[in-house]
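This report refers to the structure that appears directly beneath it.
The values are calculated or read from the model by the stated rules, or taken from the named source; none is laboratory data. Note that the structure is predicted; figures quoted are calculated from it, not measured. We place every Cβ from the backbone using ideal geometry, glycine too, and count neighbours over all the protein chains shown.
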Amino acid sequence: MYPKVFQQLIEHFSSLPGIGPKMAERLVLFLFKGEKEKCANFAIALGHLKDLQNCSLCFNIAQDDKCLICRDKNRDAGKICVVEEALDIIPIERTKSFSGLYHVLGGTLETNKVTGSDLTIPQLLSRISDTNITEVVIATNLTTEGDVTALYLKRKMDPLNITITRLARGLATGSDIEYADDMTLKSALTNRAKM
Ligand SMILES: [Zn+2]
């Protein structure tokens with residue numbers, strides 16, 4: 001039997017995606033053997049996660065009501081790039097090929113049927129109606145789920161009189177934006193095509 005704290009930590013780690021009980025044991029042992037100071041800082045940083053929230057405009061991860069991108073006055077507020085998850089924003093930002101704002105859907109139509117959580121499509125549509133958006137770049141992943149979601153979005157946005165584009169097919173089919181290399185993503189953005 002492990003001491004209670006050790007056992008509890010194993011359970012916390014096992015609850016993370018992709019980590020089984022054996023791996024959880026090894027991780028906790030690793031932390032136990034390491035510097036106690038580092039562990040304490042790790043715990044403090046974890047505790048601060050509760051201070052973060054979703055940006056009230058684009059649903060990116062934010063420290064305050066609005067995320068850093070939405071608060072940046074130098075961004076082109078006429079363009080919105082729609083992504084599945086907040087993690088997709090970083091690789092797109094790295095390409096320096098997009099200077100507009102973002103909108104995080106929170107998944108795809110398919111995955112959200114499973115999880116039951118709602119996508120932020122209604123909020124996207126009202127953003128477009130309420131502000132002077134001229135172009136929406138759909139940057140969902142080039143997977144079946146991403147494609148279905150992109151087509152659904154296009155149908156919903158068609159009556160709104162804006163340019164709707166999608167990342168060019170330079171990205172391999174089935175690929176995730178999150179893992180795309182900078183050059184490929186940059187060319188997919190630059191060569192984005194009208195839907
Ligand atoms: Zn934002």
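Pairs linking a residue in the stretch 90-112 that is over 17 Å from N74 (Cβ atoms) to a residue that is within 16 Å of the ligand (Cβ to nearest atom) and part of a helix (DSSP H, G or I), with Cβ atoms under 6 Å and 6 or more positions apart or on different chains, are H103/L124; V104/A86.
Here the helices (runs of 4 or more DSSP H) wholly within the stretch 1-100 that include at least 3 residues being over 16 Å from the mean Cα position of the chain (by Cα) are 4-14, 21-33, 36-48. Residue by residue through the stretch 111-144, note down the ones that are modelled with pLDDT of 90 or more and part of a helix (DSSP H, G or I). Answer for the stretch 111-144, where residues must be modelled with pLDDT of 90 or more and part of a helix (DSSP H, G or I): I121, P122, Q123, L124, L125, S126, R127, I128, S129, D130. Kindly establish whether V82 is in contact (Cβ under 8 Å) with a residue 40 or more places away in the chain, within 12 Å of the ligand (Cβ to nearest atom) and in contact with a helix residue (DSSP H, G or I) (Cβ under 8 Å, 6 or more places away or on another chain). Considered against the rule, which asks whether it is in contact (Cβ under 8 Å) with a residue 40 or more places away in the chain, within 12 Å of the ligand (Cβ to nearest atom) and in contact with a helix residue (DSSP H, G or I) (Cβ under 8 Å, 6 or more places away or on another chain), V82 comes out as no. Which members of the stretch 25-64 meet the condition of being in contact with a helix residue (DSSP H, G or I) (Cβ under 9 Å, 6 or more places away or on another chain) and within 16 Å of the ligand (Cβ to nearest atom)? If the condition is that a residue be in contact with a helix residue (DSSP H, G or I) (Cβ under 9 Å, 6 or more places away or on another chain) and within 16 Å of the ligand (Cβ to nearest atom), then N54, C55, S56, L57, C58, F59, N60, I61, A62, Q63, D64 are the ones that fit. Beta carbons closer than 9 Å, at least 6 apart along the sequence or on distinct chains, pair a first residue in the stretch 32-51 that is under 22 Å from Q63 (Cα atoms) with a second that is assigned to a helix (DSSP H, G or I) for F42/L31.
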